[in-house]
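Encoded as structure tokens, the structure appears first; notes follow it.
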Amino acid sequence: MNFFSLANSRYSVRHYAATQLDAADLDACLEAARLAPSACNSQPWHFIVIDDPAILPAAREAALGKPVAINKFARQAPVLIAVVEERPKLSAALGGALKGHGYAHIDIGLAVGQFCLAATERGLGSCILGWFNERAIKKLLSIPRTRRVPLLITLGYPAENSKPTAKLRRPRPEMSSFNRYRKG
């Protein structure tokens, strides 16, 4: 699949088949994340694959995002991925502080984007979650208090009734310009 076909076919899957993931597919997604660029090569991420039947139900409940359970589809996902924000290298942290940018968040976004594109290429579906019970996830997965979990990813094969919605994107002239800032 060429890159633009891949980018266009990726969507947030909210209906999953009850099929176990192929280990090679999961490995390919993790490898794509590992290869993502990062500020000063910090690689400030750690991906925790949650597939153990003993803890998956509790992780799914934490993913719901109560008190407003907007991620009910997470109960169907065969696998959840917790993305842990690790400490960046000193040079990246200092550069980010001086520039007023959180490079670690940008880096994590790149790694998660590559993970999800690799999932699409392998026929998997994913959905990136930012609204979930972080405290419960950290406790369940023994993540240190000093670490944050900015994102969860649901992962699995899309169910038959999973259909992408039309991509509603702003026209290119509204999201880009040449040589100076021009909005729309």
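Rounding to the nearest 20 debye, state how big the charge dipole of segment 12-158 is about its Cα centre with +1 on each Lys and Arg Cβ and -1 on each Asp and Glu Cβ.
Working: 16 positive and 12 negative charges, 142 e Å.
Here segment 12-158 has a charge dipole of around 680 debye.
Legend: ranking of residues Lys183, Lys72 from fewest to most surrounding C-beta atoms inside 10 Å; resulting order Lys183, Lys72. Where does the chain land at 222 nm, in deg cm²/dmol rounded to the nearest 500, when only DSSP H runs of n ≥ 4 count, each adding -39500 (n - 2.57), divided by all residues? For the chain, the value works out to -10500 deg cm²/dmol. Counting only whole DSSP H helices of the chain, the ones at least 24 Å long by C-alpha along their axis and with mean Kyte-Doolittle hydropathy no lower than -1.0 are 103-121. Checking the Cα-Cα distances for Lys139/Lys163; Lys99/Lys139; Lys72/Lys139; Lys66/Lys138 against a 23 Å cut-off, the pairs over it are Lys139/Lys163; Lys99/Lys139.
Working out 0.36 nm times the residue gap between Ala136 and Met1, then minus their Cα-Cα distance, what length gain in nm do you get to one decimal?
Additional length available on full extension: 44.8 nm.
The residue among Ala36, Met175, Thr146 whose Cα reaches farthest toward the positive pole of the charge dipole of the chain, with charges on the beta-carbon of Lys, Arg, Asp and Glu, is Met175. A cut-off under 12 angstrom between Cβ atoms defines the neighbours of Gly113, and their net charge, with Lys, Arg +1 and Asp, Glu -1, is 0. The simple spin-label model puts a point 7 Å past each Cα toward its Cβ; for Asp51 and Glu31 those points are separated by 1.5 nm.
Here's how it looks for Val79: its modeled amide H is under 5 Å from those of Leu155, which are all 5 or more places away or on a different chain. Here the residues Phe47, Phe4, ranked from fewest to most Cβ neighbours within 10 Å of their Cβ, fall in the order Phe4, Phe47.
Which whole number in µm²/s is D for segment 12-158 by Stokes-Einstein, with the Kirkwood Rh taken over Cα pairs at 20 °C and 1.002 mPa s? Rounded, D is 138 µm²/s. Residue by residue, segment 166-177 carries 3J(HN,Hα) couplings of 4, 6, 9, 10, 5, x, 3, x, 7, 10, 8, 8 Hz when phi is fed to the Karplus relation 6.51 cos²θ - 1.76 cosθ + 1.60 (θ = phi - 60°); x denotes Gly or Pro.
Karplus-based coupling profile of segment 138-148, in residue order and whole Hz: 4, 5, 4, 9, 6, 7, x, 4, 6, 10, 10, with θ = phi - 60° in 6.51 cos²θ - 1.76 cosθ + 1.60 and x standing for Gly or Pro. For Leu124, neighbours were defined as the other residues whose beta-carbon sits under 11 Å from its Cβ, and their charges (Lys and Arg +1, Asp and Glu -1) total -1.
Extension gain, Lys163 to Asn8: 0.36 nm times the residue separation minus the Cα-Cα distance gives 54.5 nm. Highest mean packing comes first when the peptides 98-107, 116-125 are listed by Cβ atoms within 10 Å, giving 116-125, 98-107.
Pairwise Cα separations in segment 1-49 fall into 10 Å bins from 0 onward with the following percentages, short to long: 17, 40, 38, 5, 0.
FYI, it's all coordinate maths here, none of it is from the lab. Because the structure is a prediction, the values reported are computed rather than measured. Here the Cβ is made from the backbone with ideal geometry for all residues, glycine too, and neighbour counts use every protein chain on show.
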